[in-house]
Amino acid sequence: MTGRRVLVIGNGPVGQTAALLLARWGIAVTVLDAAPRRELVGSKAICQQRDVLDVWQSAGVGRRIADEGITWTTARTFYRDRELFAVTLPDPGRSAFPPFVNISQSRVEELLDERIATERLIDVRWGHAVTGIEQTESGVTAHCATGDVTADYVLVCAGAKADELRQTLGVSFDGRSFDDRFLICDIRAELPGWAEERRFYFDPPFNPGRQVLIHPCPQSTFRIDWQVPSDYDLVAEERSGELERRIRAIIGDLDYEVVWRSVYRFHSRVADRLRVGRALLAGDSAHLYAPFGARGLNSGVADVENAAWKLAFVLHGWAPEELLDSYHDERHAAARENLAVTTATMDFLVPHTDAQRRHRLDALERTLTDPAATSEVDSGRLSEPFWYIDSPLTTPNPARPSAGRPPRGAAPDAAPGVVLPDAPVVVDGAPARLRELARDGFLLLAGGDVDLAATRAAASATKVPVRLVELDRIDVHGAVADSLGARPAELWLIRPDAHIAAVLDGPTADEVVAAVRRASGATLPAGEGRPPW
């Protein structure tokens, strides 16, 4: 071992989050990035989901990101020159954070940089392009033109252009790319009434046969995405004045400023392996999705939260190395779900078969007169946390059967594997949040009828950090227990990433130990993630 150090390749928001979370666990981090410096331009990934804000808060910056971002409350969808429907988004739960905020990726990176600058365990090195990764039984070496860098493990967060590193690791990246491109313009303008709305246009008069999406952002900035042909030429359109006419067709004669513009192409790809020995892949290095539904950056943050606590547990000696195999099991399943959801959206937005074109036209035409057809119109399903119901770390509960995945919106006690709902609590007289209690190790939430002495004895018999909290000690009114659906004789085991690992009914000490061992990877088969040395 090199002294509990992890290499993070890539200093974008996923790599930054990985570094902060690892440092929070007391792990030293070296961050390598090929760029000479940070380039703070463009909106890029703008929609940051509630659970990601919560992860960033555990790293010390989520509240600032949430406060600077804005949340739109109404989603308007149009077809040609008519509004099809408007949806007002509910805000379920009692979280301290909104369902999501819109804020530019550049600003998020800037805020994460500020937090990283205060962390002594993080060493950021710009201008370090990694050309290869070499592994041994005792560590990894990243080969750079500037010299080799060694550590215990490496987390590859190098973004979409990580082909060389994936090839080095022997990882395939199968999928497809879409022919049509999308033009982005960030414009600054005063658009009364638009600041709290997301607008989606199917086949509008100002972009016939294609789509337009408009998102509000902070500081009177609006992001406009146009679907454009595969041979679209931005430079030529700027020279001819067509870009200005394109913008004017949407906002009219109002004053505006173009802050940033770019053209991009969508890809749908997932790596076949997310763990190769001492290397883990995360974010766009592991998967690429169409952005409708905001599943790119959000899922990348979920990747590295999953990876960080598992790497920390292994490096601290709390869990066996086999725990890292569950990183692939859980996040590859999440990637496949995200791929299926975003591919279905793209097939609706950009149909490529006659059957898809007929389905789309029929759904849009029927929705003009039949509100029941609204559910068939797919302009993107917002990102949600993945449920680890089928994870090898999750202990099934026969009393709460989970044949397949519960439907979205089901009660949080439907099955182990879901994310712990957030709620305000009081701990030792001080206000806190329920999820905050779950960020420093495993958390045991005990109902009033649980045998506390046996539970404490079981917790002390395990190697992992475990905290026991009595529900009635943090919530005298019972609202938290009610929101969980927790029963008095139940003990809930919560993982460090706030997923429920087990719900045990009147458990014995042996059952508690077994659930903790399973959740920390002690029961996984040996050696699955190792390459041939």
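Annotations for the structure displayed:
- Student exercise, the range 412-519 dipole from Lys, Arg, Asp, Glu Cβ charges, in Debye to nearest 20: 460
- The largest-to-smallest principal axis extents of the Cα set in the range 412-519 are 31, 28, 26 Å.
- DSSP H segments from the chain that extend 27 Å or more along their own axis, Cα-based, with Kyte-Doolittle mean of 1.6 or above: none
- Pairwise FRET efficiency - Asp370 versus Thr73, Cβ, R0 = 30 Å, nearest 0.05: 0.75
- Principal axis dimensions, largest first and in whole angstrom, of the range 1-143 by Cα: 61, 35, 28
- Relative contact order of the range 139-247, pairs being alpha-carbon contacts under 8 Å that are 6 or more residues apart, as %: 21
- Residue exposure proxy: Cys157, Cys185, Cys144, Cys47, ordered by other Cβ atoms within 10 angstrom of their Cβ from fewest to most, comes out as Cys144, Cys185, Cys47, Cys157.
- DSSP beta bridge pairing in the chain, given as percent antiparallel to the nearest 5: 70
- Calculated FRET efficiency, His359 to Ala509, Cβ-Cβ distance, R0 = 45 Å: about 0.20 to the nearest 0.05.
- Neighbour-count order for Asp472, Asp303, Asp325, fewest beta carbons within 10 angstrom listed first: Asp472, Asp325, Asp303
- Annotation: lysines with alpha-carbon distance below 25 angstrom to Lys44 (same-chain offsets under eight excluded): Lys161.
- When only Cα pairs below 8 angstrom with a gap of at least 6 residues are kept, the range 412-519 shows a relative contact order of 34 percent.
- Amide hydrogen neighbours beyond the local backbone of Gly132, cut-off 5 Å, H modeled: His143
- Dipole magnitude for the chain: computed about the Cα centre from +1 point charges on Lys and Arg Cβ and -1 point charges on Asp and Glu Cβ, it is near 380 debye.
- FRET efficiency for Glu190 and Arg63, using Cβ-Cβ distance with R0 set to 35 Å, rounded to 0.05: 0.80
- Rounded Å value of the spacing that divides the Cα centres of the range 124-181 and the range 432-450: 37
- Virtual paramagnetic centre 7 Å along Cα→Cβ of Asp233, amide N under 19 Å, in the range 164-199: 180-184
- Surrounding net charge for Ile247, when Lys and Arg each add one and Asp and Glu each subtract one, Cβ distance under 13 Å: -3
- Environment charge at Leu234 (Cβ cut-off 15 Å; Lys +1, Arg +1, Asp -1, Glu -1): -3
- Likely footprinting exposure, Asp428, Asp272, fewest C-beta neighbours within 10 Å first: Asp428, Asp272
- Within the range 1-90, antiparallel bridges make up roughly 55 percent of the DSSP beta bridges whose residues both belong there.
- The chain: relative contact order as a whole-number percent, Cα under 8 Å and 6+ apart: 14
- The stretch between Val427 and Trp126, if pulled fully straight at 0.36 nm per residue, gains 104.2 nm over its current Cα-Cα span.
Every read-out reported here was derived from the displayed coordinates using simple, explicitly stated rules and does not represent laboratory data. If you're wondering where the values come from, they're calculated on a predicted model, not measured in any experiment. Positions of Cβ are generated from backbone atoms using ideal geometry, with glycine treated the same way; all protein chains shown enter the neighbour counts.
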